[in-house]
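Asker: Just dropping this structure here.
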């Protein structure tokens, strides 16, 4: 009578092949997860800026997007201007970047930007950008014009940049790509 099944040698060969495939796949999986964290944090910040701009237009009043965590954790809040007391104390939305374990942000308010070098995590924070009722930046020269999102644990991980123009246009781009050949590029 013939028995079916796998011998110990066949089982060991199968485990060896599985181990090799796993050894090749794990670094790619880790890199993919790090890049996904960066993308999620950058898109969250982008959405926050767009919410602030939209609220300013919708309310026909100023609205402010703020980042306040000096360690660069991508925490942000949006508040609308209350003309009764002259403060930005009408909360619209906020986000805690605690789940973005390694994502860090840095900001700049410079008029011209060189996207080749990353901004350090926490650079320029606390910072904000205020939009008027037309969706334009109010304080050109002092408000945020650029936000870099990087990975604090892996220096070789992807970096994404959020650009805010004085006209209120907001875009997310990849500084490693050339804008001439790819619309997702920064410069």
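The values are calculated or read from the model by the stated rules, or taken from the named source; none is laboratory data. Here the structure is a predicted model, which means the values were calculated and not measured. Neighbour counts are summed over all protein chains in view; Cβ atoms, including those assigned to glycine, are modelled from backbone coordinates with ideal geometry.
Asker: Report, by residue number, each residue of segment 97-106 that is surrounded by fewer than 20 Cβ atoms within 10 Å (Cβ to Cβ) and in contact (Cβ under 8 Å) with a residue 40 or more places away in the chain.
Answerer: Listed by number, the residues that qualify are 101, 102.
Asker: Output the residues belonging to segment 146-157 that are closer than 19 Å to residue 71 by Cα and either touching a residue at least 60 places away in the same chain (Cβ under 8 Å) or part of a loop (DSSP other than H, G, I, E, B) (or both).
Answerer: The answer is 147, 149, 150, 151, 152, 153, 154, 155, 157.
Asker: From 142, 116, which residue is in a loop (DSSP other than H, G, I, E, B), surrounded by fewer than 21 Cβ atoms within 10 Å (Cβ to Cβ) and at pLDDT 90 or above?
Answerer: On inspection, the qualifying residue turns out to be 142.
Asker: Next question, about the same structure. Have a look at 94, 83, 109, 128 and point out the one that is touching a residue at least 40 places away in the same chain (Cβ under 8 Å) and farther than 22 Å from residue 177 by Cβ.
Answerer: None of the other options fit; the residue is 128.
Asker: Among the residues of segment 145-172, count how many are under 25 Å from residue 27 (Cβ atoms) and in contact with a strand residue (DSSP E or B) (Cβ under 7 Å, 6 or more places away or on another chain).
Answerer: 8
Asker: Among the numbered conditions (1) over 25 Å from residue 118 (Cβ atoms); (2) surrounded by 10 or more Cβ atoms within 10 Å (Cβ to Cβ); (3) free of Cβ contacts under 8 Å to residues at least 40 places away in the same chain, tell me where residue 73 comes up short.
Answerer: (1)
Residues checked against (1) modelled with pLDDT of 90 or more; (2) within 15 Å of the chain's Cα centre (by Cα); (3) part of a loop (DSSP other than H, G, I, E, B); (4) within 27 Å of residue 63 (Cβ to Cβ):
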{"position": "129", "(1), (2), (3), (4)": "yes, no, no, yes"}
{"position": "134", "(1), (2), (3), (4)": "yes, no, yes, yes"}
{"position": "163", "(1), (2), (3), (4)": "yes, yes, no, yes"}
{"position": "166", "(1), (2), (3), (4)": "yes, no, yes, yes"}
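Asker: Take the residues in segment 168-182 that are in a loop (DSSP other than H, G, I, E, B), surrounded by fewer than 19 Cβ atoms within 10 Å (Cβ to Cβ) and within 18 Å of the chain's Cα centre (by Cα), then tell me which one is modelled with the lowest pLDDT.
Answerer: 177
Asker: Taking segment 62-108, which residues are under 17 Å from the mean Cα position of the chain (by Cα) and assigned to a loop (DSSP other than H, G, I, E, B)?
Answerer: 68, 69, 70, 71, 72, 73, 74, 75, 96, 100, 101, 102
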